[in-house]
Amino acid sequence: MFITLEGPEGSGKTSVMKEVIRRLIDEGHSIIETREPGGTEIAEQIRTIILDRKNLKLDARAEALLYAASRRQNLVEKIWPSIQAGHIVICDRFIDSSLAYQGGARGIGLDEVLQINLFATEGSFPELTLLFDIEPELGLKRIAQNKQREVNRLDLERLDFHRQVRQTYLALAKKYPQRIVVIDASQPLHDVIETTYAHIKKRLT
Ligand code: TYD
């Protein structure tokens, strides 16, 4: 089973999943957690380049290729072997982040970003994608309140960019209704956790 987590900045997906994963492990499920960009030593090095606030000159297509390269490395080194070994793999961000951020918000185009990602993933899609949906205004407000979380280069993008990210995510949910489940992340944390847990349990049985 391969599950991915998606959502705009400040959707709270990481905190929600921490609790949900704790419950699943308590129930005896074997979970491998990973994230993108990153997840393996090489992919984390790629992550450093992408998120470095000094790299303002990073070209949009070069950025999209770096995300795809990090994804490929994570798949080959970690995700595929873990699925093969029978674990549930949960990846914080995956292909839909590239479609929403690079394809939609950066304006490269969904089809072009999908093409380079199909090359990187050999057409391997998650079975379940949880989309933590939240209005950008609220998400960015949450980030500002969360002092432990470092503000990265992409957090600094204009509000309009984040609105486009959200719109593209919602369009993707319409395009892939079997795979993508939209979760209202503006609810209180407790409710988001319960909803998320219920969706995963439904797929596991
Ligand atoms: P991160 O600090 O991991 O953000 P979050 O906690 O919100 O997941 O930084 C990842 C950033 O990279 C985030 O702003 C989304 C962006 N991103 C893309 O633009 N394209 C991608 O393919 C991926 C995986 C992430």
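Go through the stretch 1-16 and report how many residues are open to solvent by less than 50 Å² (accessible area, probe 1.4 Å), within 25 Å of residue 117 (Cα to Cα) and assigned to a helix (DSSP H, G or I).
Final tally of qualifying residues: 1.
Which pairs turn up if I take residues in the stretch 56-73 that are more than 20 Å from residue 91 (Cα to Cα) and look for partners that are more than 9 Å from the ligand (Cβ to nearest atom) with beta carbon separation below 6 Å, at least 6 apart in sequence or on another chain?
60/108
Could you go through the stretch 83-98 and let me know if any residue there is open to solvent by 30 Å² or more (accessible area, probe 1.4 Å), away from the ligand (no atom under 13 Å from the Cβ), part of a helix (DSSP H, G or I) and among the aliphatic types (A, V, I, L, M).
Yes, the conditions are met somewhere in the stretch 83-98.
Quick one: how many residues across the stretch 17-30 are more than 13 Å from the chain's Cα centre (by Cα) and either crowded, with 17+ Cβ neighbours inside 10 Å or within 20 Å of residue 102 (Cβ to Cβ) (or both)? Before you say what the answer is, go through the steps one by one.
The first filter runs over the stretch 17-30 and keeps only residues more than 13 Å from the chain's Cα centre (by Cα), leaving 18-30.
Adding the requirement that they be either crowded, with 17+ Cβ neighbours inside 10 Å or within 20 Å of residue 102 (Cβ to Cβ) (or both) leaves 20-21, 24.
Total satisfying the criteria: 3.
Looking at this structure, is residue 72 within 14 Å of the ligand (Cβ to nearest atom), open to solvent by 60 Å² or more (accessible area, probe 1.4 Å), basic (Lys, Arg) and under 20 Å from residue 5 (Cα atoms)?
When the stated conditions are applied, residue 72 passes them.
Table: residues versus (1) at pLDDT 95 or above; (2) within 11 Å of the ligand (Cβ to nearest atom); (3) surrounded by 24 or more Cβ atoms within 10 Å (Cβ to Cβ); (4) in a strand (DSSP E or B).
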site: 101; (1), (2), (3), (4): yes, yes, yes, no
site: 114; (1), (2), (3), (4): yes, no, no, no
site: 119; (1), (2), (3), (4): yes, no, no, no
site: 138; (1), (2), (3), (4): no, no, no, no
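Quick one: is residue 130 open to solvent by less than 20 Å² (accessible area, probe 1.4 Å), more than 9 Å from the ligand (Cβ to nearest atom) and hydrophobic (A, V, I, L, M, F, W, C)?
The answer is yes for residue 130.
If you go through the stretch 145-171, how many residues are part of a helix (DSSP H, G or I), near the ligand (Cβ under 9 Å from one of its atoms) and modelled with pLDDT under 75?
Qualifying residue count for the region: 3.
Within the stretch 59-66, does at least one residue satisfy the condition of being away from the ligand (no atom under 11 Å from the Cβ) and either farther than 16 Å from residue 103 by Cβ or β-branched (Val, Ile, Thr) (or both)?
Taking every residue of the stretch 59-66 in turn, none turns out to be away from the ligand (no atom under 11 Å from the Cβ) and either farther than 16 Å from residue 103 by Cβ or β-branched (Val, Ile, Thr) (or both).
The values are calculated or read from the model by the stated rules, or taken from the named source; none is laboratory data. Note that the structure is predicted; figures quoted are calculated from it, not measured. Because the Cβ atoms are built from the backbone with ideal geometry, glycine has one as well, and the counts that use them run over all protein chains shown. Surface accessibility is based on the protein's heavy atoms, side chains included, excluding ligands, DNA and RNA. Shrake-Rupley method; radii C 1.70, N 1.55, O 1.52, S 1.80 Å.
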